[in-house]
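Here is the structure we will look at.
The values are calculated or read from the model by the stated rules, or taken from the named source; none is laboratory data. Note that this is a predicted model, so its numbers are computed, not measured. Reconstructed Cβ throughout: ideal geometry from the backbone, glycine too, with neighbour counts over all protein chains shown.
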Amino acid sequence: MTNNNITGAEALMRSLAAEGVDTIFGYPGGAIMPVYDKLYDYTRGDNKTFNHILVRHEQAAVHAAEGYSRVSGKVGVCLVTSGPGATNTLTGVADAMMDSTPLVVIAGQVGVDALGTDAFQEVDLVGLAQPISKWSYQIRKAEDIAWAVSRAFYIAKSGRPGPVVLDFPKNAQVSKTDYEPQHINFIRSYDAYPELDMNKVKEAADIINNAKKPLALVG
């Protein structure tokens, strides 16, 4: 159902909730503060949806999200600010890529009008993350949030799992939008995570058990 007149920050909260997120690891800063202001409302009282784990360094947020993902089987989520806050996540993003750990890293960014002006703590996070993530994308408009978040979670979980990086300029966090949840269940060139066929497993086990001289090459 469409909900009129909500900020991009709230659209992000609703999109994360729609993906089943219950835990967010992060460290606040100026470029992501509108999101943190709204996150506060979602971690208190009857409206509580998320547990927020406050770390002491952005790299710790990514590694904690990795551990959470491996233990829970869910996509790990972390929230950081722009500039050094964003670049501090890159070691963890690269690690998640190599270890096939599904993550969604959301970083604040200067407003789109300030991009390319050498604004305070402006950095090309999309370009930096591209070689070490499955997808890196800049959400330039509030109306793109639901689509981008749904796509991010699908890509993080599909095929060989891995990290996705969303760059979130401040103007998109504070501008208003008509929000409608989206659920992406297919993207061309991204295969869904295959289900294990137990009949095939049993068939393989029978072949091995009945072999006269079985040899397994694993790796």
Q | Only one of L196, L166, L128, L215 that is more than 15 Å from the chain's Cα centre (by Cα) and under 17 Å from V105 (Cβ atoms) | A | L128
Q: For the range 61-74, state whether one or more residues are over 13 Å from the mean Cα position of the chain (by Cα), part of a loop (DSSP other than H, G, I, E, B), surrounded by 14 or more Cβ atoms within 10 Å (Cβ to Cβ) and on the phi < 0 side of the Ramachandran plot.
A: no
(Q) List the helices (runs of 4 or more DSSP H) inside the range 144-219, counting only whole elements, that have at least 1 residues being out of contact with any Pro (no Cβ under 7 Å at 6 or more places or on another chain) and modelled with pLDDT of 95 or more. (A) 145-157, 170-174
Q: Select from the range 113-124 the residues that are closer than 17 Å to K141 by Cβ and modelled with pLDDT of 85 or more and list them in ascending order.
A: D113
Q) Restricting the search to the range 83-118, which residues are hydroxyl-bearing (S, T, Y) and either assigned to a loop (DSSP other than H, G, I, E, B) or surrounded by 24 or more Cβ atoms within 10 Å (Cβ to Cβ) (or both)? A) T89, S100, T101, T117
Q: Name the single residue, out of those in the range 15-26 being buried (at least 20 other Cβ atoms within 10 Å of the Cβ) and in a helix (DSSP H, G or I), that is nearest to the chain's Cα centre (by Cα).
A: L16
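If I filter the range 78-98 for residues that are of a type in the set (S, T, N, Q), touching a residue at least 12 places away in the same chain (Cβ under 8 Å) and over 18 Å from D167 (Cα atoms), do I get at least one hit?
No - not one qualifying residue is present in the range 78-98.
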Q) Does H57 satisfy being at pLDDT 95 or above and either under 20 Å from K170 (Cα atoms) or touching a Gly at 6+ places or on another chain (Cβ under 9 Å) (or both)? A) no
